[in-house]
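Enquirer: Attaching a single structure in structure tokens format; questions to follow.
What follows draws every value from the coordinates through simple rules; no lab data is involved. None of the values given here were measured: they were computed from a predicted structure. Cβ sites come from the backbone with ideal geometry, for glycine too, and all protein chains shown count toward neighbours.
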Amino acid sequence: MRLFEPFLVRDVEIKNRIIMSPMITNFATPEGYPTDEHVMYFVRRASAGLLITEYTYVNNVDARGSPNQLGLYADELIPKFARLTEAVHNNDSKIFVQLVHAGRKTRRSLIWGNQPIAPSNVPLIDQVREMSEDDVNRVIEDFANASERAEKSGFDGIARSSRIPNSSIPLSRHK
Ligand SMILES: Cc1cc2nc3c(=O)[nH]c(=O)nc-3n(C[C@H](O)[C@H](O)[C@H](O)COP(=O)(O)O)c2cc1C
């Protein structure tokens, strides 16, 4: 039985082979940072070698998909996320953040009144706007910036969400 043996994800040593998959909790504040309850939720699960946060939006323009979701869209949030990673590390576990852009799987009221964007004009909830080249470059930049913030917040790695923004799903992509 190797379940309780350590293993490496690149150079990150994980104490056992139990991984908590990303699951939206809606424990974050409306501004997208972890509450005390949220931190405790992870600490209680720190017997797993690796915890993966719920999907965490990369900008505060059009990336959010749930009301009380985590978001790493601004540098001011780094200390708030550092509280979470520190608490998990103090309990001898590792934590990755899952970054996401909701794409068409959101609605105007969740994204500050803006219109959802998607690779093609195929609505899911509200009407969507087909992404321009500028949108694509902007979202790439958002992921890069959120990744830097994740590192500065003490996360041990980044988990990719497949929803970015639905570009791999042929039904919602016409090009
Ligand atoms: C309540 C709930 C929330 C979830 N939130 C996310 C999420 O934020 N990101 C994600 O990639 N998957 C999410 N998932 C999918 C899970 O991470 C996982 O892939 C799914 O439950 C299948 O796992 P299983 O094959 O072990 O049953 C969620 C699942 C549940 C039940």
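Enquirer: What number of lysine-lysine pairs in the stretch 7-163 show an alpha-carbon separation below 18 angstrom, given a sequence spacing of 8 or more or placement on distinct chains?
Expert: For the stretch 7-163, qualifying lysine pairs total 4.
Enquirer: When the Cα centres of the stretch 1-45 and the stretch 136-163 are compared, how far apart do they sit, in Å?
Expert: A separation of 17 Å, based on Cα centres.
Enquirer: Now for a separate question. Run the helix sum for the chain: -39,500 (n - 2.57) per DSSP H stretch of 4+ residues, divided by residue count, reported at 222 nm to the nearest 500 deg cm²/dmol.
Expert: -7500 deg cm²/dmol
Enquirer: Which of the peptides 81-87, 37-43 is most tightly packed, and how do the rest follow, going by the mean number of other Cβ atoms within 10 Å of each residue?
Expert: 81-87, 37-43
Enquirer: Using all Cα-Cα distances in the stretch 46-122, what percent lands in each 10 angstrom bin from 0 up to the longest?
Expert: Per 10 Å bin, starting at zero, the Cα-Cα P(r) for the stretch 46-122 comes out as 19, 41, 26, 12, 1 percent.
Enquirer: Add +1 for every Lys or Arg and -1 for every Asp or Glu among the other residues with Cβ under 12 Å from the Cβ of I111, and state the total.
Expert: +4
Enquirer: Moving on to the next point. One-quarter of the Cα convex hull surface for the stretch 1-111, in nm²?
Expert: Projected over every direction and averaged, the Cα hull of the stretch 1-111 covers 7.4 nm².
Enquirer: Would you mind getting the Kirkwood hydrodynamic radius of the stretch 64-104 from its Cα pairs, rounded to one decimal in Å?
Expert: After inverting the mean inverse Cα-Cα distance, the result is 11.8 Å.
Enquirer: Report for the stretch 7-163 the percent antiparallel among DSSP-assigned beta bridges with both residues inside it, nearest 5.
Expert: 15
Enquirer: Give the Rg (one decimal place) followed by the Dmax (whole number) of the stretch 19-175, computed from C-alpha coordinates and expressed in Å.
Expert: In Å, with Rg to one decimal and Dmax whole: 15.5, 47.
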